[in-house]
2 protein chains.
Amino acid sequence: MVREDELRAGEVAVEPPAATDAGLVFIGTIHTPWTSRLETPRQGRADGPVCRIEVHEPWVAALDGLEQFETIEVLYWLHLSRRDLVRQSPRNDRDVRGTFALRSPVRPNPIATSVATMVRVDGPNVFVHGLDCLDGTPLLDLKPDRCLFTPLAPPQPGDSEVG
Amino acid sequence: MVREDELRAGEVAVEPPAATDAGLVFIGTIHTPWTSRLETPRQGRADGPVCRIEVHEPWVAALDGLEQFETIEVLYWLHLSRRDLVRQSPRNDRDVRGTFALRSPVRPNPIATSVATMVRVDGPNVFVHGLDCLDGTPLLDLKPDRCLFTPLAPPQPGDSEVG
């Protein structure tokens, strides 16, 4: 059974500090076929259902040029996730691992990153394959896939530093 | 010249909504050789300098198991970036693109994602190659690279959906 906020055998929760170091703005909404945490895929697949990422104003102009990228990085906020576990048991079998050694939605800052396959951009809507989140998930950011992107800005000294 | 909060010819700024939809907690600090935005690499390189990611309590226990991954995803907060541009000119040459078609640090939610190469984990410190951020950058999250990670949790109905 997928996690629904239960604490499992062997898991460790902490008393987290207040999450007030920086603030996020939700810039859109992700529309998917999944309305329950019991149904969502564990990871998106490039041949999965087409999902619609709806960008809200005043950010729609920022989509200009995105469609040219075959794959994009999508950042979203896992709004239903608890944030206080440092050790988790994904299989609920007493075997636990550190939160940072998992891609579980339960993390101190529940930010998900997915690589999605571009279908098209139509006005404020970006249609993609490859998402794995609940319908209604808040959007945080869209970026070209790092593997497809060459910086346009002029070189900087750090570019050539090796070590 | 790298951006230092100037508005360039052709760029478009908006009046952004308050960034109060969700709150972040800084879970650590990233130590790099770069102390000025005029020096940082535009993108990290796998043979770049070793950088130290220092994780703060109460999150150190969450590192358990991370060292086994050859590459990890690092999320951090670009604390000096302006957040109000929807069109940007990376070369400062009047050629502008939408913010979401760039990997510029200037974005509505200035969250960076890098794929870093693991050197070792030592107590609260994770040593990696491949970062490109300023010394003192706040850490948001660490995850195994998606390409190396197989979900441990049991299958869900959405796993097999194609479309």
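The values are calculated or read from the model by the stated rules, or taken from the named source; none is laboratory data. It should be emphasised that the depicted structure is a prediction, and the values quoted were computed from it without experimental measurement. Because the Cβ atoms are built from the backbone with ideal geometry, glycine has one as well, and the counts that use them run over all protein chains shown. All accessible areas refer to the heavy atoms of the entire protein, side chains included, with ligands and DNA or RNA removed. Shrake-Rupley method; radii C 1.70, N 1.55, O 1.52, S 1.80 Å.
How about the stretch A:49-97: which of its residues are among the hydrophobic types (A, V, I, L, M, F, W, C), within 20 Å of A:LEU7 (Cβ to Cβ), part of a loop (DSSP other than H, G, I, E, B) and over 14 Å from the mean Cα position of the chain (by Cα)? Lay out the reasoning, then the answer.
Restricting attention to the stretch A:49-97, the residues satisfying the condition of being among the hydrophobic types (A, V, I, L, M, F, W, C) are A:50-51, A:53, A:55, A:59-63, A:66, A:69, A:72, A:74-75, A:77-78, A:80, A:85-86, A:96.
Remaining after also requiring within 20 Å of A:LEU7 (Cβ to Cβ): A:78, A:80, A:85-86, A:96.
Filter once more, keeping what is part of a loop (DSSP other than H, G, I, E, B): A:78, A:80, A:96.
Correct list: A:VAL96 only.
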Mind checking which residues of the stretch B:128-155 are open to solvent by 10 Å² or more (accessible area, probe 1.4 Å), closer than 18 Å to B:CYS51 by Cα and part of a loop (DSSP other than H, G, I, E, B)?
-> B:ASP132, B:LEU134, B:ASP135, B:GLY136, B:ASP145
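From B:ALA46, B:ALA61, B:ALA13, grab the single residue that is of a type in the set (A, V, I, L, M, F, W, C), open to solvent by 30 Å² or more (accessible area, probe 1.4 Å) and within 8 Å of chain A (Cβ to nearest Cβ). Write out each step before concluding.
On the way: B:ALA46 fails: within 8 Å of chain A (Cβ to nearest Cβ); B:ALA13 fails: within 8 Å of chain A (Cβ to nearest Cβ).
From the options B:ALA46, B:ALA61, B:ALA13, the qualifying one is B:ALA61.
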Of all residues in the stretch B:95-113, which are in contact (Cβ under 8 Å) with a residue 60 or more places away in the chain, at the interface with chain A (Cβ under 8 Å from one of its Cβ atoms) and open to solvent by less than 10 Å² (accessible area, probe 1.4 Å)?
-> B:PRO108, B:ASN109
Selection count where residues are closer than 11 Å to B:ARG52 by Cα and outside any strand (DSSP E or B), scope the stretch B:113-127 = 1
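Might you let me know whether the stretch A:104-112 holds any residue that is on the phi > 0 side of the Ramachandran plot and either polar (S, T, N, Q) or over 14 Å from the mean Cα position of the chain (by Cα) (or both)? Before you say what the answer is, go through the steps one by one.
The initial filter retains those residues of the stretch A:104-112 that are on the phi > 0 side of the Ramachandran plot, namely none.
Checked against the condition, which is being on the phi > 0 side of the Ramachandran plot and either polar (S, T, N, Q) or over 14 Å from the mean Cα position of the chain (by Cα) (or both), the stretch A:104-112 yields no hits at all.
Would you call A:THR40 of a type in the set (S, T, N, Q), more than 8 Å from chain B (Cβ to nearest Cβ) and touching a residue at least 60 places away in the same chain (Cβ under 8 Å)? So that I can check it myself, show each step before the final result.
On the way: of a type in the set (S, T, N, Q): yes; more than 8 Å from chain B (Cβ to nearest Cβ): no; touching a residue at least 60 places away in the same chain (Cβ under 8 Å): yes.
In short, no.
Which residues, taken from the stretch A:64-94, are within 17 Å of B:PRO154 (Cα to Cα) and facing another protein chain (nearest Cβ under 7 Å)?
As a first pass, look at the stretch A:64-94 and keep what is within 17 Å of B:PRO154 (Cα to Cα): A:88-94.
Correct list: A:PRO90, A:ARG91.
Here is a check on your reading of the model: is B:LEU75 open to solvent by less than 10 Å² (accessible area, probe 1.4 Å), touching an Asp or Glu at 6+ places or on another chain (Cβ under 6 Å) and among the hydrophobic types (A, V, I, L, M, F, W, C)?
Working: open to solvent by less than 10 Å² (accessible area, probe 1.4 Å): yes; touching an Asp or Glu at 6+ places or on another chain (Cβ under 6 Å): yes; among the hydrophobic types (A, V, I, L, M, F, W, C): yes.
Considered against the rule, which asks whether it is open to solvent by less than 10 Å² (accessible area, probe 1.4 Å), touching an Asp or Glu at 6+ places or on another chain (Cβ under 6 Å) and among the hydrophobic types (A, V, I, L, M, F, W, C), B:LEU75 comes out as yes.
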